[in-house]
Each structure stands twice: as C-alpha cells, then as structure tokens.
1. As an exercise, take the mean of 1/r over every pair of distinct alpha carbons in the chain, invert it, and state the Kirkwood radius in angstroms.
2. Counting only Cα atoms, I'd like the Rg/Rh figure for the range 7-68, Kirkwood definition for Rh.
3. Would you kindly derive the ³J(HN,Hα) couplings of the range 199-214 from the backbone phi angles with the Karplus curve 6.51 cos²θ - 1.76 cosθ + 1.60 (θ = phi - 60°), listing them in order in whole Hz, with x for Gly and Pro?
4. Please list, ordered by chain and number, the residues whose modelled amide H lies under 5 Å from the amide H of residue 111; skip anything fewer than 5 residues away on the same chain.
5. Give or take rounding to whole Å, what are the principal axis extents of the alpha carbon atoms in the range 13-128, in descending order?
6. In whole percent, what relative contact order does the range 7-68 give with Cα contacts below 8 Å and a gap of six or more residues?
7. Check residue 142: other-chain or 5+ apart residues with amide H under 5 Å from its amide H, H built from backbone geometry?
8. How many angstrom lie between the C-alpha centres of the range 59-82 and the range 138-190?
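Since every read-out is calculated from the coordinates, none of them should be taken as a lab result. In this text, all values refer to a predicted model and were calculated from it rather than measured experimentally. Counting neighbours? That spans all protein chains shown, and the Cβs are built from the backbone with ideal geometry, glycine included.
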Amino acid sequence: MAEERLKALVRRYGPQPDVHLSVWGGIVGRTGQTWVEDDGRGVWLVEVLRSPVHDGEEEPEGTLLRPAGERDRSRYRQREAEVPGLMAQAQARMQERGLPMRLVTGELDLERRFLRLFFTAPGRVDFRELLRELSRELGVRIELRQVGPRDVARLLGGVGPCGRPLCCRSFLRRLRPIPLEMAFDQQLFFSPERITGYCGRLMCCLAYEHSQYL
C-alpha cells in the first residue's frame, strides 16, 4: 500500500476565502506560513492553517509546491491589479449581449492561466457563447460562477454589527441555512434589522448557541 501523503488545511488568498485540504508536494511547512499551491487549474497563494491534518474523508484539492517568496508575492499583487480591467471587459461583453449578469469580483492565478469571475443574476443564465468569446478575447481560461447574496458578503467582506469581521469571511468553511425558527427558539423577538446580516439574510451567529436552547 502506498504511503499516505501528509495533508494541510489551507486558506487561499484573494476574494474567495476558500478553506480546503492540500497535500505537501515535497518539504513540509509550518502553520502560519504562506505557500504556493497548484490546484490543477491555476497556481495560487495560500496560508497554512493547520498541519498535519489526519482526515481520510475529504479529498485534497491541491498540492503545496514551495514556500512563497518575494517574486510570488509580487506576482500576486500584479495579478490582483489586473482583475478590475478584465472584469470591465467582461462586463461590457455581458451588456452587449443583453445578459442580466452583474460581476461582483474575480481572481486571476499567479501564472495568468485561469480567471474566475463571480457574478449575480436574477435567475439561470446561458453564458456558454459569452464564455467562449471572453476566453478568446482575454487569452485565459475562464470560469463564470453565479453566487447568491450570502456569497457576495463573503466575497466582499465587511464588518458585522458586533464590530468584528464577517464570520463568513473570516473563519466559516461552509454557509449553512439559518431558519427563522432559530431566532424564535432563542426568544430573539427583535425587529428584523437586528438579526439580519450584511448579506440581507439571517445572521450566521444565530446558529452558534442554538443547541443550548433546545
């Protein structure tokens, strides 16, 4: 049986606070370090949150190649600066085609081979022709990802009514549904504005102590 490769829990730099498992490609780093990761589609900067991780259920999404150097950090800043211009071009093409899509943000990998654009729309949109046109025009492989209100808050970030960074942006790995019953069970009979988050939906923190009231 082949020896299992060591895994690490990492968080990607950029607008999408994607927390996932990755495997060490060679040398093994330490918690808190910034590394370069290849996920098969692009090359990204990630922060090592915990290592080693012994989790046999979740498959790793990438391989950690090397500790990030100054050249990698410089390329990250360059790619980050390119995104607004690429978004403007993409938004113009959407408007030309009359597509009801609004771009929220985007991320471009270090090697400029993969661009992910996040957008909102009132319903499902057929953007296959647009995708082919944009890939030819921008010279990069593109993923268009439709997101909802809670994802928009997570992508853009912000400060909650508690004065702390949004939970969805800072540490939550997955966004779970928050039904109104959670507020009723905790006798939180406030006005809707008091329990509504930055995204316009019920605040995620309503779930944190819910089990204590059952």
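1. Numbers: mean 1/r = 0.0514 Å⁻¹.
About 19.5 Å for the chain.
2. Values: Rg = 10.2 Å, Rh = 11.2 Å.
A ratio of 0.91.
3. Computed from phi, the couplings for the range 199-214 are 7, x, 10, 4, 5, 4, 5, 4, 7, 5, 10, 4, 4, 6, 9, 8 Hz.
4. Those lying under 5 Å, H to H, from residue 111 are 43.
5. 50, 35, 20 Å, listed from the longest principal axis down.
6. Working: 140 pairs, mean separation 27.0, N = 62.
It rounds to 44 percent for the range 7-68.
7. The answer is 115.
8. After rounding, the separation between the Cα centres reads 25 Å.
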